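The values are calculated or read from the model by the stated rules, or taken from the named source; none is laboratory data. All values reported here derive from a predicted model rather than from experimental measurement. Cβ atoms come from the backbone with ideal geometry, glycine included; neighbour counts cover every protein chain shown. Areas reflect the complete protein model, heavy atoms only, side chains present, ligands, DNA and RNA absent. Shrake-Rupley method; radii C 1.70, N 1.55, O 1.52, S 1.80 Å.
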Amino acid sequence: MSMSEGEERLTLVSGLKWVDEVITNAPYEVNEQFMNILFNDYKIDYIIHGDDPCLLPDGTDAYASAKKAGRYKQIKRTEGVSSTDIVGRILSSLRGSEMDNGSANASVNEQHQNQENTLAKTGGSVKSHLSNFLPTSRRIVQFSNGKGPGPNARVVYIDGAFDLFHAGHVEILRSARQLGDFLLVGIHSDQTLSEHRGSHPIMNLHERSLSVLACRYVDEVIIGAPREVTQDMITTFNISLVVHGTVSESSPNDEIDPYAVPKSMGIFQIVASPKLITSASVAKKIIDNLEAYRKRNLKKKVSEDKYYTEKKYVSGD
């Protein structure tokens, strides 16, 4: 089943463990009319935004009315997390992949050069595609539930790359969680994925791990999980069931079955993936809509440049 872009975003946001309710079709500008709806119908206390600028086309503050009403609070922006940077990594990854496969002919090279030039106009650079995200132990604790499974809990295990975390991931994790009391998710390392897929993931291990931990259906993750589910691993984590979705980006030509042990124990189950979305399809959608992305980012570039130039320390995480 396919999803519209709006449905995908709704699924992602609704799947975040910190979200209680989602308002669809919300206006970009938080004006007095919308604030009245928020205060009276939804009984909200404050309107929150990061310390990065949020400007309207005419250059005015989208949250000016909320600030004037004294109902606005600012939080620290997460450093190293940038959609522009991720798009740059996607372009670099695709270009490198085609070069490695020997399919980078003149027309392909020209196409990628045009894409790189387009991204450069937005202030992004595919040359610096490595993540600037700096994970700390405190950040991991903030994302963690901090609780283990109960003594009689039915622990369900699912593993994968979970690259470019998307609505398809949310839905398969929801399905897996419904099969037990505690969902344990194994996140494969960058090296493991590179060895078995022939290319690095777009997002690094820590980024992918926190993305999965942010999902409300996930209880715990193994950061850098082994590719093969072993007997020792099943015993250590008291795993009752190992599941795998029908939509997968794993290589079909693997010589070793990573689920051989749970299959022999009768605790392996294939779960129908509710959505057909993959990390590759997400990346393709971004490439196909790069021009629209460029136009959107051109509007943001001036304000973001000003933000980083005048950036000051903001307390709190």
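Rounded, prolate or oblate, given the Cα gyration tensor of the stretch 169-275, with a/c below 1.5 counting as rounded?
Details: a/c = 1.36, a/b = 1.08, b/c = 1.26.
Verdict is rounded for the stretch 169-275.
Placing a pseudo-label 7 Å from each Cα along the Cα-to-Cβ vector at Arg154 and Asp288 gives an inter-label distance of 3.9 nm. Three principal axis extents of the stretch 1-74 based on alpha-carbon atoms, in descending order, are 44, 29, 23 Å.
Ser189 exposes around 30 Å² of accessible area when a 1.4 Å probe is run over every protein chain in place. Estimate the FRET efficiency between Asp41 and Gln191 by the formula 1/(1 + (r/R0)^6), using the beta-carbon distance for r and 51 Å for R0, to the nearest 0.05. About 0.55, to the nearest 0.05.
Here the label points at Val81 and Glu32, each 7 Å from Cα along the C-beta direction, are separated by 3.4 nm in the simple model.
Of Thr230, Thr24, the order by accessible heavy-atom surface (1.4 Å probe, DNA, RNA and ligands excluded), from most exposed downward, is Thr24, Thr230.
Distances between placed amide hydrogens fall under 5 Å for Ile75 paired with His49, Gly50, Asp51, all partners being 5 or more residues away or on another chain.
Going by accessible area, probe 1.4 Å, with all protein chains left in place, what is the ranking of Arg139, Arg71, Arg154, Arg208, largest first? Can you show the working numbers first?
Values: Arg139 45, Arg71 70, Arg154 100, Arg208 0 Å².
My answer, sorted largest first, is Arg154, Arg71, Arg139, Arg208.
Estimated at 0.36 nm per residue, the fully extended path between Thr24 and Ile256 surpasses their Cα-Cα distance by 79.0 nm.
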